[in-house]
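This report refers to the structure that appears directly beneath it.
The values are calculated or read from the model by the stated rules, or taken from the named source; none is laboratory data. What you see is a predicted model, and the numbers here were worked out from it, not measured in a lab. No Cβ is skipped: glycine too gets one built from the backbone with ideal geometry, and neighbour counts run over all protein chains shown. The accessibility values were calculated without ligands, DNA or RNA, using every heavy atom of the protein model including side chains. Shrake-Rupley method; radii C 1.70, N 1.55, O 1.52, S 1.80 Å.
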Amino acid sequence: MFQKILIANRGEIALRVLRACKELGIQTVVVHSTADSDAMHVRLADESVCIGPPPSRDSYLNIHQIVAACEITGADAVHPGYGFLSENAKFADILAAHNITFIGPSGDHIRIMGDKIEAKRTAKRLGIPVVPGSDGAVSDEKEAKRIAAEIGYPVIIKASAGGGGRGMKVALTEADLEIALQTARTEAGAAFGDDAVYIEKYLQKPRHIEVQVFGDGFGRGVHFGERDCSLQRRHQKVWEEANSPALNAEERSRIGGICAKAIADLGYSGAGTIEFLYENGEFYFIEMNTRLQVEHPVTEAITGIDLVHEQIRVASGGGLSVRQEDIKFNGHAIECRINAEDPRTFTPSPGTITHFHTPGGLGIRVDSGVYSGYKIPPYYDSLIGKLIVHGRNRVECMMRLRRALDEFVVDGIKTTLPLFRDLVGNADIANGDYDIHWLEKYLAKEE
Ligand code: ADP
């Protein structure tokens with residue numbers, strides 16, 4: 001087992017990882033920017049190293065500084081959290097070259113999944129169902145038209161190097177194709193420095209369902225069920241649940257089994273998420289994330305398993321603490337992402353939190369890195385906390401969530417709490433009856 005883990009992240013996830021390390025008796029080092037000297041993860045860690053000024057590229061993305069911090073403190077492993085360097089293959093390779101363990105998959109696996117065309121090809125080869133579309137990048141309009149005619153309109157053009165919903169354009173008919181292709185290419189080139197795009201069928205009312213997987217480092221793969229993350233705004237997840245209200249136990253075990261086998265065949269090590277669009281009973285792979293997800297706590301709530309413990313165990317060569325047959329799904333969990341944003345326009349609302357009171361009681365978990373008097377720096381993403389609620393079934397979970405949202409107090413800044421208080425009373429949400437466009441339509445109606 002590791003002696004000392006360096007946490008290369010900030011905010012709630014840095015604290016989340018820190019807690020797991022403490023439970024396992026592992027020493028912790030955190031790195032931070034000058035804007036985060038007062039952050040909770042810095043206060044609670046055994047050691048901290050300031051690695052640079054506020055902009056992420058000079059601090060949380062500064063590989064040399066982070067490696068130097070490992071060497072100074074003698075850390076033998078790095079947990080990257082999510083975002084920042086968590087899916088940076090070069091970072092994983094550099095750590096390996098310094099004999100420091102990256103708590104995540106190999107650089108090669110990160111590379112394959114970071115390229116969406118390569119990821120889709122790999123998924124298909126491993127027997128995972130994919131969205132019908134081009135086999136690889138489309139070279140010109142003529143080819144795009146031929147493929148679109150084959151799969152049928154509407155189609156979506158996506159950037160191979162894509163992420164965060166950028167470089168995606170929908171063409172409803174052939175008349176839209178030329179312009180969609182051009183804009184997607186230009187956007188992709190500007191955002192990622194790579195203008196390769198591919199084409200796939202545009203699904204009209206899908207749900208976003210993702211499967212939590214783990215490779216144990218010895219060639220075995222398991223799944224921890226799915227999460228439904230269909231409630232999104234601008235392709236950003238807002239509310240996540242496990243299990244999905246749309247799946248039955250047979251579908252869960254079928255798609256879970258396919259994913260676990262794929263992970264084993266790939267020889268993947270550590271945590272991963274295989275993301276699908278789900279429509280009319282069919283799953284369509286869209287991408288794989290090779291890291292821990294923001295929404296991992298809903299899976300922890302229904303399985304009772306600490307996924308960060310498992311990540312650390314696997315990375316240290318100790319394998320998983322559970323086999324597939326030990327993983328049972330108990331009840332229902334929902335996570336609300338509390339952002340420092342206007343609840344309608346979603347514009348960021350940094351500033352000082354004058355009062356912070358979190359709900360408690362049975363089935364309530366709050367993962368957050370803020371406190372009363374904390375000043376939210378304007379440089380990073382606006383997530384200030386996550387409310388995760390567990391109940392014996394979805395009805396109980398929703399009852400508890402409503403009560404917890406009432407108790408939650410964040411003064412001094414705007415947050416997305418009022419949005420969740422509205423959602424929890426909505427009939428479609430109560431029935432679990434929503435797709436990936438539901439929230440955008442709801443917000444448009446409210447305006
Ligand atoms: P990114 O990595 O940029 O987030 P994804 O491939 O994960 O891109 O897609 C993000 C979101 O875009 C999905 O959750 C879904 O809302 C939408 N999307 C992507 N592909 C399709 C598709 N073929 N049909 C319909 N919607 C899609």
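Tabulated values for the structure
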read-out: Label-point gap, in nm, between residue 172 and residue 309 - each point 7 angstrom along Cα→Cβ; value: 5.2 nm
read-out: Between segment 345-407 and segment 8-68, the Cα center-to-center distance that results, in Å; value: 22 Å
read-out: Check: the chain dipole with +1 on Lys, Arg Cβ and -1 on Asp, Glu Cβ, in debye; value: 400 debye
read-out: Fluctuation leader among 118, 143, 240 - the chain, Gaussian network, Cα springs under 10 angstrom; value: 143
read-out: Residue 286 long-range amide H proximity, modeled H, under 5 Å; value: 275, 276, 277
read-out: Three-way shape label, the chain, alpha-carbon gyration tensor, a/c 1.5; value: rounded
read-out: GNM result for the chain, Cα springs below 10 Å: residue of 242, 430, 340 fluctuating most strongly; value: 430
read-out: Antiparallel bridge percentage (DSSP; both residues within the chain; nearest 5); value: 80 percent
read-out: Heavy-atom accessible surface of segment 4-103: percent carbon and sulfur, 1.4 Å; value: 48 percent
read-out: log10 of Debye I(q)/I(0), alpha-carbon scatterers only, for segment 197-291 at 0.21, 0.22, 0.23 Å⁻¹; value: -1.06, -1.13, -1.20
read-out: Heavy-atom surface of the chain, accessible at 1.4 Å and reported per residue (Å²); value: 40 Å²
read-out: Residue 194/residue 57 FRET efficiency (R0 25 Å; Cβ-Cβ; nearest 0.05); value: 0.85
read-out: 3J(HN,Hα) from dihedral phi, segment 385-399, Karplus parametrisation 6.51/-1.76/1.60, rounded to Hz, x for glycine, proline; value: x, 10, 9, 10, 10, 10, x, 5, 8, 5, 5, 5, 4, 5, 4
read-out: Whole-angstrom gap from segment 261-338 to segment 212-251, using each part's C-alpha centre; value: 7 Å
read-out: Relative contact order (%) - the chain, alpha-carbon pairs under 8 angstrom, separation at least six; value: 14 percent
read-out: Computed [θ] at 222 nm, helices only, for the chain once each DSSP H run of length n ≥ 4 contributes -39500 (n - 2.57); value: -10500 deg cm²/dmol
read-out: For residue 384, distant residues with modelled amide H under 5 Å away; value: 338, 339, 340
read-out: Potential lengthening between residue 443 and residue 99 on full extension [0.36 nm per residue; Cα-Cα distance subtracted]; value: 118.9 nm
read-out: Sites residue 151 and residue 3 - FRET efficiency at Förster radius 60 Å, r taken between beta-carbons, to 0.05; value: 0.65
read-out: Share of carbon and sulfur in the accessible heavy-atom surface of segment 132-201 [1.4 Å probe, %]; value: 52 percent
read-out: Virtual spin-label span in nm between residue 362 and residue 143, 7 Å along Cα→Cβ; value: 6.0 nm
read-out: Point-to-point label distance, residue 372-residue 235, nm (Cα→Cβ direction, 7 Å offset); value: 4.1 nm
read-out: Among 383, 236, 26 - extreme Cα towards positive end, dipole of the chain, charges at beta-carbon; value: 26
read-out: At R0 = 35 Å, FRET efficiency that the Cβ-Cβ distance of residue 205 and residue 406 yields, to 0.05; value: 0.65
read-out: Lysine pair number, Cα distance threshold 17 Å (strictly under), segment 151-276, separation 8 or more or different chains; value: 5
